[in-house]
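Engineer: Here it is, the structure in full.
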Amino acid sequence: MTKSYLAHRVATLKPSGIRKFFDIVATMKDVISLGIGEPDFTTPDPILQAGIRSLEHGETHYTSNSGVLEVRQELAAHLQRLYGVTYDPVTEIILTVGVSEALYLALTAILEPGEEVLVPTPCFVAYQTEVTLAGGVPVEIPSRVQDNFQPNLAALEAAVTPRTKAILIGYPNNPTGAVASRETLLEVLRIAEKHDLVVISDEIYDRLVYGLPHVCFAALPGAWKRTITLGGFSKAYAMTGWRIGYAAAPAELMVGMLRIHQYTIMSAPTTAQTAALEALRAGEPHVQAMLDEYNRRRVLIVGGLNRLGLPTFEPRGAFYAFPQISVTGMADETFSQKLLEEERVAVVPGTAFGAGGEGFVRCSYATAYEKIEEALHRIEHFMQRHG
Ligand SMILES: Cc1ncc(COP(=O)(O)O)c(C=O)c1O
């Protein structure tokens, strides 16, 4: 082959820092992984059974492009109940293949080639790449631990140019565990209003907050008309493998998103839609039980890391701790690699999540309490040599 058949924008995409690392982990034995970004719980039984029944009843066909109306109605009621935000289930909600697809739809629907999207970082690894794939330009706005990883508002506003189209935020945040305060989000809204920007708000971790209310961006006064809300079932209901999520937005934006979804996906998995309906109807006690367990682990890991001399910001959402490892004098990639080789503990280098992640690693506590205890013992040995 004398030339690459790959499109330039694809050939030049950076491979995911997480994938690269976990390909190595997969070849090793006796590793405790604090690297995973998904619940260790199996989907709660009533949800599982609803999926099984759906298959047994022969629900093996496509659904309407937007998804089963009953599920969208239940979702609209759920969002209204939790956040007081109103979406018309017929024209303003669609069921998607996870937030991953919803994000792709949102970006592809709004971006002209070369338009910029402001992305507070550290953030979920897909954000920058998905902006690029949609023809846009991601502009990273690093957050700082001294600001409790709230978006840096001054930097955000200073980064606005005539080409800026949107702000893409994700709180509770992966990888820092930060929950953006209402005041901060109101300031983000003020910037969006001043410069007439769309706000894409990835709220996949909305149910995983510890002792704080979740602030739904679209529910802020005046925000609704410029907001695309992305949400899902993967995290709160332990349903990552079902591949189901949703987007909610004003009908004008939704028309565009739905058009892309129609041609690329057709409809979200039918079995998963039925399971999601059950999650909305009967999932609450299970969400609360998992939340309690995550909280127990959160206290363990944050306390443990701080005691070992790795300063760790207190995460108030999601299921990640984000310790600062610069005291070891190592870069985050070196730290992660050495910890894996010497102690068989897998964590993710902070730089995988963009600017602002340097000097940190992400430790997921979506893993068993006992495994976290053992991981902390191993990290203690590591710190005795390298601290
Ligand atoms: C912030 C964030 N958004 C979206 C996703 C993808 O979620 P889904 O499984 O719904 O595609 C993840 C998964 O880790 C995430 O952390």
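Engineer: I'd like to know how segment 1-134 sits against the 2.2 N^0.38 Å rule of thumb: what's its Cα Rg over that expected value?
Structural biologist: Against the empirical 2.2 N^0.38 Å value, I get 1.40 for segment 1-134.
Engineer: Convert each backbone phi in segment 129-141 into a coupling constant with the Karplus relation 6.51 cos²θ - 1.76 cosθ + 1.60 (shift: θ = phi - 60°), then list the ³J(HN,Hα) values in order as whole Hz, x for Gly and Pro.
Structural biologist: Per-residue couplings from phi come out as 5, 5, 4, 4, 4, 7, x, x, 10, x, 10, 7, 10 Hz.
Engineer: Please give the net charge around A247, taking every other residue with its beta carbon less than 12 angstrom from that of A247, where Lys and Arg add +1 and Asp and Glu add -1.
Structural biologist: Net charge in that neighbourhood comes out at -3.
Engineer: Further question on the same structure: Out of residues 5 or more away from R362 or on other chains, whose amide H comes under 5 Å of its own, with H placed 1.01 Å from N in the peptide plane?
Structural biologist: Here V348, G350 satisfy the definition.
Engineer: Determine the order of K29, K194 by accessible area, beginning with the largest, at a probe radius of 1.4 Å.
Structural biologist: Heavy-atom accessible area, descending, gives K29, K194.
Engineer: Compute the relative contact order of the chain as a whole-number percentage, counting only Cα pairs closer than 8 Å that sit 6 or more residues apart in sequence.
Structural biologist: Dividing the mean separation by the residue count of the chain yields 24 percent.
Engineer: Follow-up. Please work out the Kirkwood hydrodynamic radius for segment 209-254, using every pair of different C-alpha atoms, and report it in angstroms with one decimal place.
Structural biologist: Details: mean 1/r = 0.0813 Å⁻¹.
The answer is 12.3 Å.
Engineer: Just to verify a number: what accessible area does L340 come out at with the full protein assembly present, 1.4 Å probe, Å² rounded to tens?
Structural biologist: Around 10 Å² of this residue is reachable by solvent.
Engineer: So, one more: Using the C-alpha atoms of segment 231-298, what convex hull volume per residue, in cubic angstrom, is computed? Don't jump to the answer; show the numbers that get you there.
Structural biologist: Numbers: hull volume 7.4 nm³, N = 68.
Hull volume over Cα atoms, normalised by residue count, gives 109 Å³.
Engineer: Just read off the accessible area of I260 with the full protein assembly in place, 1.4 Å probe, to the nearest 10 Å².
Structural biologist: Solvent-accessible area, nearest 10 Å²: 30 Å².
Engineer: Going from most exposed to least, what order do R190, R296, R72 have by accessible area with a 1.4 Å probe? Write out the running numbers ahead of the final one.
Structural biologist: Working: R190 95, R296 115, R72 15 Å².
So the residues, ranked largest to smallest area, are R296, R190, R72.
Engineer: Can you tell me the relative contact order of segment 192-276? Whole percent, Cα pairs under 8 Å, sequence separation 6 or more.
Structural biologist: 24 percent
Engineer: Scale the Cα Rg of segment 122-187 by the rule-of-thumb value 2.2 N^0.38 Å and send over the ratio, two decimals.
Structural biologist: Here the answer is 1.11, to two decimals.
Engineer: Among A352, P221, G232, whose Cα sits farthest toward the positive end of the charge dipole of the chain (+1 at Cβ of Lys/Arg, -1 at Cβ of Asp/Glu, about the Cα centre)?
Structural biologist: The Cα lying farthest towards the positive end belongs to A352.
Engineer: Largest first and to the nearest Å, give the Cα extent of segment 212-358 along each principal axis.
Structural biologist: 51, 35, 34
Engineer: Further question: Just how far, in whole angstrom, is segment 146-199 from segment 24-38 if you go by their alpha carbon centroids?
Structural biologist: Their Cα centres are 33 Å away from one another.
Engineer: Sticking with this structure for a sec: Got a number for carbon plus sulfur as a percent of segment 241-387's accessible area, 1.4 Å probe?
Structural biologist: Looking at segment 241-387 in its full context, I get 51 percent from C and S.
Engineer: Name the residue from Q324, A106, Y5 whose Cα lies farthest towards the positive end of the charge dipole of the chain, charges +1 on Cβ of Lys and Arg and -1 on Cβ of Asp and Glu.
Structural biologist: Of Q324, A106, Y5, it is Y5.
Engineer: Here is a follow-up. How long are the semi-axes of the ellipsoid equivalent to segment 290-384, from square roots of 5 times the Cα gyration tensor eigenvalues, in whole Å, largest first?
Structural biologist: 20, 15, 11
Engineer: Measure out, as a whole number of angstrom, how far apart the alpha-carbon centroids of segment 46-80 and segment 101-124 sit.
Structural biologist: Here the answer is 28 Å between Cα centres.
Engineer: Let me ask something additional. Would you work out the relative contact order for segment 56-204, in percent, from Cα pairs under 8 angstrom that are 6 or more residues apart?
Structural biologist: RCO, segment 56-204: 19 percent.
Engineer: Local charge sum around A180 (other residues, Cβ-Cβ under 13 Å, Lys/Arg +1, Asp/Glu -1)?
Structural biologist: Within the 13 Å Cβ shell, the charges total -4.
Engineer: Follow-up. Quick check for you: with a 1.4 Å probe and neighbouring chains kept, what is the accessible area per residue of segment 176-225, in Å²?
Structural biologist: 36 Å²
Engineer: Check cross-link reach from K371 to the lysines: straight Cα distance under 18 Å, and skip same-chain residues fewer than eight apart.
Structural biologist: Reachable lysines: K29.
Engineer: Could you tell me whether segment 63-124 comes out rounded, prolate or oblate from its Cα gyration tensor? Rule is a ≥ b ≥ c as square roots of the eigenvalues, rounded for a/c under 1.5, then prolate if a/b exceeds b/c, otherwise oblate.
Structural biologist: Cα axes put segment 63-124 in the prolate bin.
Engineer: Got a number for the accessible area of V179? Probe 1.4 Å, square angstrom, nearest 10.
Structural biologist: The value for V179 is about 20 Å².
Engineer: Mind checking the dipole of segment 98-207: about its Cα centre, +1 per Lys or Arg Cβ, -1 per Asp or Glu Cβ, Debye to the nearest 20?
Structural biologist: Values: 7 positive and 15 negative charges, 31 e Å.
Charge dipole of segment 98-207: 160 debye, to the nearest 20.
Engineer: Using the Kirkwood formula on the Cα atoms of the chain, what hydrodynamic radius do you get, in angstrom to one decimal? The partial results should precede the final answer.
Structural biologist: Details: mean 1/r = 0.0466 Å⁻¹.
It is 21.5 Å.
Engineer: For segment 76-165, what does the alpha-carbon gyration tensor say about shape, rounded, prolate or oblate, given a ≥ b ≥ c as the root eigenvalues, a/c under 1.5 as rounded, and a/b over b/c as prolate?
Structural biologist: It is oblate, given that a/c is not under 1.5 and a/b is not larger than b/c.
Engineer: Could you rank R316, R281, R226 by how accessible they are, 1.4 Å probe, largest area first?
Structural biologist: Heavy-atom accessible area, descending, gives R281, R316, R226.
Engineer: Here's something else I'd like to know. Largest first and in whole Å, give the semi-axes of segment 191-286's equivalent ellipsoid, each being the square root of 5 times a Cα gyration tensor eigenvalue.
Structural biologist: 25, 21, 9
Engineer: What are the residues whose amide H is under 5 Å from the amide H of V215, where those residues sit 5 or more places off or on another chain and H is modelled from the backbone?
Structural biologist: none
Engineer: With the convex hull built on the Cα atoms of segment 20-84, state its orientation-averaged projected area in nm². Each step should come with its number before you reach the end.
Structural biologist: On the way: hull surface 33.4 nm².
For the Cα atoms of segment 20-84, the hull's average projected area reads 8.4 nm².
Engineer: Right, another one. Return the lysines within reach of K14: Cα separation strictly under 26 angstrom, same-chain partners fewer than 8 residues apart disregarded; answer none if there are no such residues.
Structural biologist: Cross-link targets: K3, K165, K235, K338.
Engineer: Considering only DSSP beta bridges where both residues belong to the chain, give the percentage that are antiparallel (nearest 5).
Structural biologist: Counting DSSP beta bridges with both partners in the chain, the antiparallel share is about 45 percent.
Engineer: Between segment 271-322 and segment 359-373, what's the alpha-carbon centroid distance in Å?
Structural biologist: After rounding, the separation between the Cα centres reads 11 Å.
Engineer: Next up: What does the charge count around G304 come to, taking other residues whose C-beta lies under 9 Å from its C-beta (Lys +1, Arg +1, Asp -1, Glu -1)?
Structural biologist: After counting each charged neighbour, the total is -1.
The values are calculated or read from the model by the stated rules, or taken from the named source; none is laboratory data. Every value quoted in this text rests on a predicted model; they were computed, and no experiment measured them. Virtual Cβ from ideal backbone geometry, glycine too; neighbours counted across all protein chains shown. Just the protein is used for accessible areas: all its heavy atoms, side chains included, with ligands, DNA and RNA removed. Shrake-Rupley method; radii C 1.70, N 1.55, O 1.52, S 1.80 Å.
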